[in-house]
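Asks: One structure is given below, represented as structure tokens, and several questions about it will come after.
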Amino acid sequence: MGGSSLASLAVAIAVLLAATLAWLSARALVRRSLRESRAIDHSWGDPRKVHVFPTPRIGGIAIATGCVAGVAASGVMNRELCAWWVLLLCAAPALACGLIEDFSGRGAIMVRLALTAAAASLGFFLLDARIALLDVPGLDRLLAFNAFCFMFTVFAVTGVAHSINVIDGLNGLSGIIALLAAIGLAIVAAAAGDTFVLGAASVLGASVAGFLAVNWPRGRIFLGDGGAYFVGLLLAELAVVLVHRNSEISPWFPLVLLAYPVWETLFSMYRRKARGYSTGRADALHLHSLVYRRVVRWRSYAGRPSDYVTRNSVASLCLWPIPLLCLAIALAFWRDSPALQTAAAGFGIFYTLAYRRLARFGVPAWLVLRAEPQRKAAAQVHGAAVEI
């Protein structure tokens, strides 16, 4: 068997193993949560929460389980164990900090960000994951200085990891964004001949897919802070490594690929600052929150609890075309920085206009989903939400 065939077989086995174990782990965590109250989100009544059933928020454990299994399988077959485990080691602080908050229900955002920055620092030194070029005059000169390169890389990687947590507000939303981003990284890595990023992104995507099968549409388990920061950090590190190791790839490719969570985070910081609030202050004014409340208008207040599950998942589905479009554009122009810069600017304009329209109750009548789910269908969703 040729070297390329063996490598392809290794990736296929790793992907299958990662997806299966992530799915099984997610189901096992749901079962365990029925008997144990730790790490259960009971936050119904919080304006930021849109779920009604007590739900475990430790999906990060399932994804980490899939990643470890996939990394072990692929690393053994490709004899690249060192690089694989270093990657997981870099993500470990973010996962650990998030899980502590998921289990305890208490935590400070600055502590999370500090540990995520520490994880990004590990990636800078151990994986040579650095942003050394952005195709922006002036900024590229500053990136030539190691100190500035280090600070900028840590800031960017930490920001991307945090952005996945920011958009984790609906069933399947952060999961589908992470899955599509991993697919995009794997495709471009394959085109560039980067087997390490190809395998790692494929394993990550498979692990997220296994979790997503339990998370959407019934919302049996949530990603949680641990899962969001773990997945976000891995995506950021793989994107930085891919661009740094392959000069033909535009540094704007990852930014367009993850344009939705990145811009959501930046815009949220801006609007909070403009209103005199702290940029880290949590609220229920994200784009996905507005879509849930002003586009998908099921009669939830008069419906059964299961109607909220349906409404949650439908609102998430309404937003999926955004990351799909970002994936398509990023893949179409992954070598072309001017085109990707134009796309990034266009996305920012589109997002701002769409958000402004939603915030001012300017949703066209034809776009609003008003139908209430049939009682029979709602009962099925209700039953599925509590059984395994």
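Asks: List the residues, sorted by chain then number, that are 5 or more residues from residue 296 or on another chain and whose placed amide H is less than 5 Å from its amide H.
Replies: 369
Asks: Near the amide H of residue 169, under 5 Å away, which other amide H atoms are found, from residues 5 or more places off or on another chain, if H is placed in the peptide plane?
Replies: Residues meeting the amide H criterion: 174.
Asks: Taking 25 Å as R0, compute the FRET efficiency from the Cβ-Cβ separation of residue 148 and residue 267 and round it to 0.05.
Replies: 0.45
Asks: Next question. Using alpha carbons only, how many degrees (0 to 90, rounded to 10) separate the axis of helix 321-332 from the longest principal axis of the chain?
Replies: Computed tilt is about 20 degrees.
Asks: Taking square-rooted eigenvalues a ≥ b ≥ c of the alpha carbon gyration tensor, is region 176-312 rounded, prolate or oblate, where a/c under 1.5 means rounded and, failing that, a/b exceeding b/c means prolate? Mind showing how you got there, number by number?
Replies: Details: a/c = 2.69, a/b = 1.52, b/c = 1.76.
Verdict is oblate for region 176-312.
Asks: Can you tell me the FRET efficiency between residue 247 and residue 363 if r is taken as the Cβ-Cβ distance and R0 is 35 Å, rounded to the nearest 0.05?
Replies: On the way: r = 44 Å, r/R0 = 1.27.
Once rounded, the FRET efficiency stands at 0.20.
Asks: I would also like to ask the following. At 1.4 Å probe size, put 347, 148 in order of accessible surface, largest to smallest. Don't skip to the end; give the middle numbers.
Replies: Details: 347 25, 148 60 Å².
Descending accessible area places them as 148, 347.
Asks: Using θ = phi - 60° and the Karplus curve 6.51 cos²θ - 1.76 cosθ + 1.60, what whole-Hz ³J(HN,Hα) does each residue of region 82-96 get, with Gly and Pro shown as x?
Replies: With coefficients 6.51, -1.76 and 1.60, one gets 4, 4, 4, 6, 5, 4, 5, 4, 5, 8, 4, x, 5, 5, 4 Hz.
Asks: Same structure, new question: List, in order, the whole-Hz ³J(HN,Hα) value for each residue of region 204-215 obtained from phi through the Karplus relation with A = 6.51, B = -1.76, C = 1.60 and θ = phi - 60°; use x for Gly and Pro.
Replies: Values per residue, Gly and Pro as x: 4, x, 5, 5, 5, 5, x, 5, 4, 5, 9, 7 Hz.
Asks: While we're on this one: Give the label of the value calculated from the structure for semi-axes √(5λ) of the Cα gyration tensor in Å, choosing from (i) 35, 23, 20; (ii) 61, 34, 17; (iii) 32, 26, 20.
Replies: It is the one labelled (iii).
Asks: How tilted is helix 146-166 with respect to the longest principal axis of the chain? Cα atoms for both, answer in degrees (0 to 90, nearest 10).
Replies: Once rounded, one gets 20 degrees.
Asks: Still on this structure, I have one more. Work out from phi, with θ = phi - 60° and the Karplus expression 6.51 cos²θ - 1.76 cosθ + 1.60, the ³J(HN,Hα) of each residue of region 20-26, listed in order in whole Hz, and give x for Gly and Pro.
Replies: My calculation for region 20-26 gives 5, 5, 5, 5, 5, 5, 4 Hz in order.
Asks: Quick query: amide H of residue 41 versus all other amide H atoms, modeled in the peptide plane; which residues come in under 5 Å with a sequence gap of 5 or more or a different chain?
Replies: 55, 57
Asks: Whenever you get a sec, compute what percent of the accessible area on the chain sits on carbon and sulfur atoms (1.4 Å probe).
Replies: Its accessible area is 66 percent carbon and sulfur atoms.
Asks: Roughly what angle does helix 375-386 make with the longest principal axis of the chain, taking Cα atoms, 0 to 90 degrees, to the nearest 10?
Replies: Once rounded, the angle reads 50 degrees.
Asks: Between residue 36 and residue 8, what length comes free when the chain is fully extended (0.36 nm per residue of separation minus the Cα-Cα distance, one decimal in nm)?
Replies: Stretched out fully, the residue 36 to residue 8 stretch lengthens by 6.0 nm.
Asks: Something else now. I'd like to check one number: the per residue accessible area of region 206-267, probe 1.4 Å, reported in Å² as a whole number.
Replies: With the other protein chains kept in place, region 206-267 gives 23 Å² per residue.
The values are calculated or read from the model by the stated rules, or taken from the named source; none is laboratory data. This is a predicted model, so every value here is computed, not measured. Backbone-built Cβ (ideal geometry, glycine too); neighbour counts: all protein chains shown. Heavy atoms of the whole protein, side chains included, go into the accessibility calculation; ligands, DNA and RNA do not. Shrake-Rupley method; radii C 1.70, N 1.55, O 1.52, S 1.80 Å.
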